[in-house]
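> Just dropping this structure here.
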Amino acid sequence: MRERKFIVFESCLQSLLALCFLCGNACKIISTKVSGTMVTLTSQCSVDPSHVKTWKSQPSHGTMPLGNLQLAASIMFSGCSTVKAVNCFKFMRISTFCVSTYYNIQKAYLIPAVNSLWSKKQELLICDVKKKSKVRLGGDARCCSPGHTAKYGSYSLMDMDTSKVLDMQLVQCTEVKNSYAMELEGLKRSLQFLEDAGVTVTDLTTDRHSSVKKFMREIYPSINHWFDAWHIAKGITKKLDASSKKKLCHTISPWIHSISNHVYWCGASSDGNAELVVAKWKSVMNHIVDIHEHPFENFPTCAHDELVEDREWIAEGEKLFSAFSKVNLLRAFHNTSFTITAGSRAHVEVKSIVTNRTLLADIGKLSPHVQTSSVESYHKVVCFFAPKFLHFFYHSMNAR
Ligand SMILES: [Zn+2]
Ligand SMILES: [Zn+2]
């Protein structure tokens, strides 16, 4: 199968078979049989009709031309769309199989090959993981299409110490009550699989999906459940970015990157100490207004050295009230927003994001471990093989 292959024009083939292989006289091709990517030619001598030669363009296994099998495998393993690949051949008038033949080959050979290889690899991975005293996993879901119209959702659990995917579960939307529920279902199945395989998970880092939080708390209280800094930072960046575009809030812009980095630092520098993480996190509200001493016993001053360069500090601000009825009138007058502030509106905006109640409740569980961004990277690789805009049937999707 490693042998090289070439594109051969029909006229060149005919010239190759123009002379009799036994007597050297002129020959003519009496039959041309095409089977997908393979052609079988039969030539007959013009002088002695018993001089007949049959020539095949590729080896076969039984009735299967190996070129057909290898082309189908190449389409799948390179992440191509079958229809596009087959069309590409058609446009160049290179003989190939039709799409339905591809699916037959995929079903009979390719998917079983992928499944068998994965099972073997997975068995070895699980074997290694079982030897470890701490099994720290990162988990995340991936939807098969953008938005919330997904037909499938996959959930992957990765060993955070080795960045190896230990398990992947593909859930169909029809198996659960809606597409949102696929994430939890995938996680459930994955954890169950590991449990059945004899793996004792000690830590799990995920995003802050509320059903996942509840599930971990109730069903797996023995597993330390952490939240991934990458997801939290991404969410905060998005909110700060939106706020910075509001009237009088452009001063937020230069701080977005630092505040997002602060999320990672809080998690990585606190060794899972929730109170310390919260104190460090809240201190950012002081830091951005050039105050580096904080009313927290466990974190009384910023951890940075003395700042030499000046920063674009935000002016302090305080939210006075945001009563809708009164503000509606004022809003028309000021043409600003529902929130009335004293001092800088930018500071009030940042504060509402940083000290959001749900965020504060979760940030103490910010993962001190390597983050699930490697799961994200893995999902990008999956995207290459199963692009979100293409449709696949279950087994094909699972294999890809
Ligand atoms: Zn001859
Ligand atoms: Zn500071």
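The values are calculated or read from the model by the stated rules, or taken from the named source; none is laboratory data. The model shown is predicted, which means the values in this text are computed figures rather than measured ones. Positions of Cβ are generated from backbone atoms using ideal geometry, with glycine treated the same way; all protein chains shown enter the neighbour counts. Protein only, heavy atoms only, side chains kept; ligands, DNA and RNA dropped before computing areas. Shrake-Rupley method; radii C 1.70, N 1.55, O 1.52, S 1.80 Å.
> Quantify how much of the Cα-Cα distance distribution of the chain extends past 34 Å, in percent.
Every Cα pair in the chain considered, those over 34 Å come to 53 percent.
> Give me, ordered by chain and number, the residues 5 or more places off residue 161 or on other chains with an amide H under 5 Å from its own placed amide H.
Here the answer is 136, since their amide H atoms fall under 5 Å of that of residue 161.
> Before anything else, pin down the relative contact order of the chain: Cα pairs under 8 Å, at least 6 apart, normalised by residue count, whole percent.
13
> Of the chain, which part is the longest with no GluC sites (Glu not before Pro) in a loop (DSSP not H, G, I, E, B) and with at most 11 other C-beta atoms within 10 angstrom?
Result for the longest clean stretch: 4-296.
> Averaged per residue, what accessible surface does the chain expose to a 1.4 Å probe, in Å²?
It amounts to 57 Å² per residue over the chain.
> Tell me, rounded to the nearest percent, the portion of alpha carbon pairs in the range 1-46 spaced more than 15 Å apart.
Looking at the range 1-46, the distances longer than 15 Å represent 51 percent of pairs.
> Compute the long axis of helix 210-219 from its Cα atoms, compare it with the longest principal axis of the Cα atoms of the chain, and write down the angle in degrees, 0 to 90, nearest 10.
Long axis of 210-219 versus the principal axis of the chain: about 90 degrees.
> Kindly express, to the nearest 10 degrees and within the range 0 to 90, the angle between helix 324-334's C-alpha long axis and the longest C-alpha principal axis of the chain.
That works out to roughly 80 degrees.
> Here is a further query. What FRET efficiency comes out for residue 61 versus residue 177 if R0 is 41 angstrom and r is the Cβ-Cβ distance? Round to the nearest 0.05.
0.35
> Run through all the Cα pairs of the range 78-202 and give the fraction in each 10 Å bin from 0, expressed as whole percent.
Final binned percentages: 11, 30, 30, 20, 8, 1.
> Still on this structure, please answer the following. For residue 351, give me every one of the lysines with a C-alpha distance below 19 angstrom, ignoring sequence neighbours fewer than eight places off in its own chain.
234, 238, 239, 245, 246, 247, 280, 282, 319
> Taking the range 101-165 on its own, what percent of its Cα-Cα pair distances exceed 20 Å?
Cα-Cα pairs in the range 101-165 separated by more than 20 Å: 52 percent.
> Do the sum for the chain: with -39,500 (n - 2.57) for every DSSP H run of n ≥ 4, divided by all residues, what is the mean residue ellipticity at 222 nm, to the nearest 500 deg cm²/dmol?
Estimated from H runs of four or more residues: -12500 deg cm²/dmol.
> Still on this structure: Run down the lysines and flag those whose C-alpha is under 29 Å from the C-alpha of residue 33, throwing out any fewer than 8 positions away in its chain.
5, 53, 56, 84, 90, 107
> Same structure again: Could you tell me how many cubic angstrom of Cα convex hull volume the range 8-157 has per residue?
About 162 Å³ per residue, rounded to a whole number.
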